[in-house]
């Protein structure tokens with residue numbers, strides 16, 4: 001059988017056994033502006049009761065986008081949404097009202113502070129699901145966490161949706177968490193306070209993924225988005241722990257050409273970076289790559305040639321945003337960083353990483369989510385991912401804080417299993433995981449690192465504090481921690497007011 | 001029911017009605033080198049008879065990777081493969097032997113020259129499927145064209161698969177065609193002649209998508225990969241056509257701030273760029289963006305600030321590769337350029353584009369695939385994509401070549417339907433598509449462009465040449481052209497030797 005198509009050609013419908021649809025019509029592409037109001041965008045996205053809406057957290061405690069969006073959704077009388085943000089901060093306290101009013105009934109994502117305190121005492125119908133950065137990426141990619149509408153804050157965007165976090169008054173660093181949302185959400189809305197001429201000069205997310213662009217006067221408060229200028233701690237305890245990390249790396253002969261390491265933007269990490277910087281310079285060593293939180297300290301090491309490459313993800317100060325915009329090739333995304341379901345992450349084979357904790361137990365299990373009073377006050381971040389990637393995973397903690405022991409028999413919540421934690425670096429010595437006999441062998445006879453047992457650290461902590469406080473948990477499961485592949489690692493119980 | 005997981009926690013299996021798999025084991029990530037031989041990589045990929053293997057064409061007529069890979073596959077005695085390259089060149093003549101020996105029985109991708117001549121005379125069991133750049137991207141993304149094994153040539157790669165085309169002795173420009181293959185193929189093999197320390201300093205494709213890395217002495221012949229230095233034509237006929245294009249854009253008042261245009265690397269395009277460059281400078285105008293083939297001419301316009309932004313895809317000379325490596329933010333991929341199934345392409349709303357043709361007919365249909373003797377000698381490239389994206393699609397052709405008329409009653413093969421072709425710019429005047437009454441209105445009374453009817457151009461061409469030659473077609477369909485959305489646009493018949 002033949003059919004005449006719209007180009008006037010009479011062609012067979014089947015060729016070599018395969019059926020072909022005839023050509024119907026060629027159009028010029030639609031190139032209308034995608035800029036509309038948030039209300040209209042949410043209506044066009046057909047956001048419905050019970051659906052899932054996502055946000056990234058890169059505006060941190062300066063973010064105005066989550067609160068504003070939820071206000072508009074409340075006005076639209078949409079109920080029982082699942083909030084799938086990458087993280088909430090104290091500024092998102094109004095989420096509590098949206099929970100009370102029934103707009104939000106479910107949260108899957110990190111929570112830092114206020115909302116976590118509320119949820120710990122007032123369980124939602126479903127537990128808060130905590131995933132690592134890489135775990136969340138995989139969950140969205142593999143449709144374990146299906147996003148109906150993704151809201152992506154951008155510090156600059158053009159009217160077709162090309163957007164960035166690198167320029168503009170509300171610059172926050174490269175958008176690095178939302179690419180997976182953009183690629184997999186049914187509907188994608190970019191929100192910006194800086195509509196620029198097309199094409200936007202930087203584009204971490206491109207127009208191919210964007211349905212609508214929404215303008216806001218201000219997407220956030222710059223002073224709470226990034227630090228004006230990060231300062232290294234001068235707390236002697238933290239400086240001591242930082243120095244111990246570098247001494248440990250040195251004793252293990254890691255500080256040599258080709259070193260790949262991760263350090264965050266926390267006080268101990270920044271101090272450790274300064275010591276490392278000095279050591280690299282003294283020993284005339286060039287590191288291969290730095291990953292993790294991007295700061296002016298990393299930028300400076302890269303500029304000086306002490307580290308050949310860097311991967312830029314979250315930026316924590318204005319200097320690092322400027323540096324990475326000028327060195328665009330350094331930017332990557334969270335999928336490349338940590339996706340456990342991919343064929344390889346840049347974390348794989350990391351020589352060393354420094355991570356924090358609220359608690360560590362004698363099985364080397366680490367808690368970063370709950371405080372010792374049981375309240376859910378932090379997300380997982382890249383903790384699991386980095387621990388699984390690094391050959392030397394160091395947890396940097398004091399043995400106690402105020403009157404609370406950090407080293408204990410059992411952590412309140414397991415965030416990262418002890419099997420992949422290699423060293424607990426404390427103010428009272430360094431405990432090496434007994435399963436790392438290779439490290440223990442290498443450290444025999446060294447004088448720079450005070451190797452102690454985890455049990456002795458626990459005893460010291462108990463002695464100083466009188467042991468962990470008793471917590472009066474409720475029966476409700478208010479949250480769960482997932483391992484990177486989606487398996488259930490632990491549950492978090494409610495606490496009484 | 002509760003179960004004790006491997007972290008020692010006894011947890012319910014079901015929480016709030018949802019079932020959770022218990023945590024089993026945390027491992028450190030595997031970070032072994034992915035470098036193995038091509039033979040081993042193909043075996044591990046479990047390439048089987050009848051499967052599909054893909055390549056990009058960015059090494060052009062200097063490519064050694066396709067031939068080498070097919071030789072290894074022949075030695076492995078794998079048969080009846082579907083070859084899904086983005087394009088073949090004369091250097092791929094050995095593909096003919098692989099067809100004769102049964103290694104290849106099907107081709108989906110562009111063919112330039114030798115292999116096309118062979119296939120035109122010796123039909124394969126299945127027609128060659130020709131798709132535009134954007135159409136191919138969509139077909140792979142949407143699994144119309146499923147790739148079992150993607151082979152990706154890289155001029156530098158590290159041992160985990162991060163790779164680039166920007167550096168090294170065989171540099172060819174950013175890898176921009178293969179990202180979709182990397183993301184969707186079952187198995188991905190990077191082939192390089194330049195294994196660098198991890199992390200590779202540029203990464204158009206990252207390790208998350210790569211199964212294996214293969215080393216070759218030489219992936220291609222640099223002098224046939226890119227031009228040492230492109231030269232602008234001094235052919236007066238081509239210069240005239242180029243000037244007419246710029247005059248037409250000028251008469252339509254397109255040469256003003258914010259202009260977004262596309263020009264290729266062909267002779268007429270390069271000449272037109274020179275005229276445009278001059279006009280921008282004279283009129284103190286800044287274009288918003290240049291797209292399409294990247295050359296030193298575009299780089300120079302960008303450096304001078306005559307064009308604010310550019311999108312870098314294929315690079316055609318060594319200077320442009322250097323420029324784009326230093327301006328990494330300009331690089332994008334073919335999906336962003338042209339994917340018809342996405343939410344927006346950067347081609348959408350292009351003010352003007354200049355494209356070539358082998359033939360044009362009086363319905364403004366364009367042929368770029370076959371010659372007037374019927375032989376399949378070219379691919380579609382971005383022709384359909386760019387024509388659909390641009391508000392002013394100009395086809396630049398002489399009215400005849402040697403003794404063959406270019407303007408005719410009917411093209412041999414429809415590559416791009418006349419509905420979206422706006423102007424035929426020839427040495428004998430400019431024909432405007434009658435469906436563009438808006439353009440005709442604007443051009444009334446202008447003196448810079450010689451507006452003529454397409455019929456008069458056809459008559460002139462016939463008069464000079466005696467009309468098109470008769471072609472003795474066979475009955476076999478040796479190829480098909482698809483519209484961007486996969487619909488059947490036209491078929492290509494065999495020709496007799």
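In chain B, the beta-carbon sitting nearest the axis that superposes B on A belongs to the residue given here with its distance in angstrom, B:328, 2.
Post the alpha-carbon centroid distance, region B:60-119 to region A:382-409, in whole angstrom. Comparing the Cα centres of region B:60-119 and region A:382-409, I get a distance of 55 Å. A Förster radius of 60 Å combined with the Cβ-Cβ distance from residue A:229 to residue A:40 puts the calculated FRET efficiency at roughly 0.90.
Ratio of alpha-carbon Rg to the 2.2 N^0.38 Å globular estimate for region A:454-497, to two decimals, please.
On the way: Rg = 15.1 Å, N = 44, 2.2 N^0.38 = 9.3 Å.
This ratio for region A:454-497 stands at 1.63.
Maximal additional length on extending the residue A:253-residue A:303 stretch stands at 15.5 nm, based on 0.36 nm per residue less the C-alpha distance. Inter-chain neighbour count for A:419-429: the average number of beta-carbon atoms from partner chains within 10 Å of each residue's beta-carbon is 1.
Could you tell me how far the Cα centroid of region A:174-224 sits from the Cα centroid of region A:16-42, in Å? Going from one Cα centre to the other spans 21 Å. Of the beta bridges in chain B, as assigned by DSSP with both residues counted there, near 35 percent are antiparallel.
At q = 0.20 Å⁻¹, what base-10 log of I(q)/I(0) does the Debye formula yield for region B:110-254 when every alpha carbon is treated as an equal point scatterer in vacuo? For the requested q values the scattering log ratios are -1.14. Distances between copies at residue A:169, taken between label points 7 Å from Cα along the C-beta direction, are 5.5 nm in increasing order. Compute the angle between helix A:65-75 and the longest alpha-carbon principal axis of chain A, please, reported from 0 to 90 degrees and rounded to the nearest 10. Orientation of helix A:65-75: about 50 degrees from the principal axis.
Beta bridges per DSSP, both residues in region A:236-487: antiparallel share near 30 percent. Mean per-residue shielding of peptide A:22-35 is 6, counting Cβ atoms of other chains within 10 Å of each Cβ. Over region B:121-170, the fraction of Cα-Cα pairs per 5 Å bin, rounded to whole percents and listed from the shortest bin up, is 5, 15, 14, 16, 17, 17, 9, 6, 1. With Cα atoms as the point set, region B:236-495 shows a radius of gyration and Dmax of 18.3, 57 Å. A viscosity of 0.692 mPa s and a temperature of 37 °C, combined with the Kirkwood radius over C-alpha pairs in the Stokes-Einstein formula, give the protein assembly as shown a diffusion coefficient of 108 µm²/s. Fewest neighbouring Cβ atoms within 10 Å first, the residues B:394, A:354 line up as B:394, A:354. In terms of other Cβ atoms within 10 Å, B:35, A:411, A:3, A:226 run from fewest to most in the order A:3, B:35, A:226, A:411.
Separation of region A:422-493 and region B:240-266, taken as the distance between their Cα centroids, equals 68 angstrom. Above 21 Å, the calculated P(r) of region B:53-189 contains 39 percent of its Cα-Cα pairs. In chain B, helices alone account for a calculated mean residue ellipticity at 222 nm of -7500 deg cm²/dmol, with every DSSP H run of four or more residues adding -39,500 (n - 2.57). Relative to the longest principal axis of the Cα atoms of chain B, helix B:454-465 runs at roughly 80 degrees.
Computed from the Kirkwood radius of its Cα pairs, the Stokes-Einstein diffusion coefficient for region B:1-112 at 25 °C and 0.890 mPa s stands at 139 µm²/s. Note that region A:1-57, at 4 °C in a medium of 1.567 mPa s, gets a Stokes-Einstein diffusion coefficient of 80 µm²/s from its Kirkwood radius over C-alpha pairs.
Note on chain A: the alpha carbon radius of gyration divided by the globular reference 2.2 N^0.38 Å gives 1.06. Its alpha carbons give region A:330-390 an Rg and a Dmax of 13.5, 41 Å.
Each other copy places its own label point for residue B:143 at 0.8 nm from this one, sorted shortest first, where the point lies 7 Å along the Cα-to-beta carbon line.
Residue A:279 to residue A:446: extension gain in nm, 0.36 nm per residue of separation minus the Cα-Cα distance? Walk me through the numbers on the way to the answer.
Numbers: separation 167, 0.36 × 167 = 60.12 nm, distance 1.79 nm.
So the extension gain works out to 58.3 nm.
Summarising the strand pairing of the protein assembly as shown, around 35 percent of its internal DSSP beta bridges are antiparallel.
Put in line by how crowded their Cβ is, counting other Cβ atoms within 10 Å and starting with the fewest, B:54, B:110 read B:110, B:54.
A crude spin-label estimate for the pair residue A:24 and residue B:459, with each label 7 Å from Cα along the Cβ direction, gives 3.9 nm. Relative to the longest principal axis of the Cα atoms of chain B, helix B:267-283 runs at roughly 80 degrees.
Annotation for residue A:472, label-to-label distances across the other copies: 10.1 nm (shortest first, one decimal, point 7 Å from Cα along Cα→Cβ). Extending 7 Å from Cα along the Cβ direction at residue B:49 and again at residue A:471 yields two label points whose distance is 6.3 nm.
Here, each number is a calculation from the coordinates, and none is a lab measurement. The model shown is predicted, which means the values in this text are computed figures rather than measured ones. Positions of Cβ are generated from backbone atoms using ideal geometry, with glycine treated the same way; all protein chains shown enter the neighbour counts.
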